[in-house]
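Working notes, structure below.
Just so you know, all these numbers are worked out from the coordinates, no wet-lab data involved. Quick caveat: nothing in here was measured; it's all calculated off a predicted structure. Here the Cβ positions follow ideal geometry from the backbone for every residue, glycine too, while neighbour counts run over all protein chains shown.
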Amino acid sequence: MANATHARPDAAGGAGVLALEREAHGLADRLPEILIDAQRIAQTVAHGLHGRRRSGPGETFWQFRQFQTSDTLRQIDWRRSASSDHLFVREREWEAAHTVWLWPDLSSSMDFRSHLAPTTKRERALLLTLAAAELLVRGGERVALLGLTPPTASRKATTRMAEAVLAQDAAGVALSSQPPKVQLARFSGAVVVGDFLDPIPRTREHIEALAADGAVGHLIQVVDPAEETLPYEGRTEFLSPDGSERWVADRVQSLRARYQERLAAHRAELQQLAHRLGWTFLVHHTDRSPAEPLLSLIMRMQGGVADHRWNGPDQSDGAAQSHTGAEP
């Protein structure tokens, strides 16, 4: 699927990346702190984040429980047991090193912005990635930018990520529209943000590589509202992201229904891929608030709303139609 080209804005430069990093902090500040607390008490890794309130290896005292036949004498807390007619075992809180790997698509395809949106897909994908990293670090998680930064739980994690993106831009590195094909550890998490407009087999190949060892992941498809509705009228010229291909439609409105059918079929395959791998999938339009997909992502990570869809039929259809317009 091709979209119209749009010149990369100044935000792709150093000042712009750092500005997005500051905006990500602000966005995280506006989200309810209860969501961070919810991450801390998630019950299983399968729900996205490790549950801290479980017994297991760790340094922090959790609770006393009565001695069981499966316990060893070494586990008995004799001081606590001396004040009771029962033997008690001192349990510690389970602490697991959990890393969430984040990856935003910053390729030329993401530079698109139509007259219906205030920002490019690239800017929004980077903002969501940095804001998610900020929230995860606040929740005690380790985060890393896949292929660019090492895992860290530092409160400066988002700043380091922004600087890594800036350095990559400054070096003129050709950016891929797919994440690196690496296998993540079973108890890792992944958040992949992009438009996912590549052919499905190519996307499947890369996402399956990330999930090969059972890593839990989340796909966020970022699309411009014009890509959703094809609102143009009359003779319209389309260019590939790198400008190497050009296609002219005399009456583009006559293609709208077929285009939307193909887009829906493409998205259905992405949803099926995510479902088969046990991952989640949501769609975000760049004319909507970035807080929406971020809230949904955090809730999915802690297992609260597994089937929530910001792009449900009632919402996405209505939102798309309200932004339909003409662009010569």
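Give me the compactness ratio for the range 226-305, meaning the Cα radius of gyration over 2.2 N^0.38 Å. Walk me through the numbers before you get to the answer.
Values: Rg = 16.7 Å, N = 80, 2.2 N^0.38 = 11.6 Å.
Here the answer is 1.44, to two decimals.
HN-Hα J couplings of the range 207-221 from phi, Karplus 6.51/-1.76/1.60, θ = phi - 60°, integer Hz, Gly and Pro as x?
Ordered by residue, 3J(HN,Hα) equals 5, 5, 5, 5, 8, 4, 9, x, 4, 8, x, 9, 10, 10, 8 Hz.
Determine the gain in length on full extension of the stretch residue 187-residue 239; use 0.36 nm per residue of separation and subtract their C-alpha separation, reporting nm with one decimal. Walk me through the numbers before you get to the answer.
Working: separation 52, 0.36 × 52 = 18.72 nm, distance 4.17 nm.
That pair, residue 187 and residue 239, stretches by 14.6 nm at full extension.
Label residue 264 and residue 208 with points 7 Å out from Cα along Cα→Cβ: what is the distance between them in nm?
Modelled inter-label distance: 2.7 nm.
Classify the range 86-164 from the C-alpha gyration tensor, please: rounded if a/c falls under 1.5, else prolate or oblate depending on whether a/b exceeds b/c. Working shown, then result.
Values: a/c = 3.79, a/b = 2.82, b/c = 1.34.
Note, shape of the range 86-164 comes out prolate.
Which of 200, 298 comes first, and how do the rest follow, when ranked by fewest Cβ neighbours within 10 Å?
Working: 200 15, 298 26.
Least to most surrounded, the residues fall as 200, 298.
Can you tell me how the range 157-286 classifies by the Cα gyration tensor, rounded, prolate or oblate, using a/c under 1.5 as the rounded cut?
On the way: a/c = 2.39, a/b = 1.47, b/c = 1.63.
Taking the square roots of the gyration eigenvalues as a ≥ b ≥ c, the range 157-286 is oblate.
If you rank 232, 259 by fewest surrounding Cβ atoms within 10 Å, what's the result?
Details: 232 21, 259 16.
Listing 232, 259 from fewest to most nearby Cβ atoms yields 259, 232.
Identify the trypsin sites (Lys or Arg not before Pro) of the range 164-244 meeting these criteria: DSSP loop state and at most 14 other C-beta atoms within 10 Å of the C-beta. Can you show the working numbers first?
Numbers: sites: 181, 186, 202, 204, 235; in loops: 181, 186, 235.
Hits after loop and neighbour filter: 181, 186, 235.
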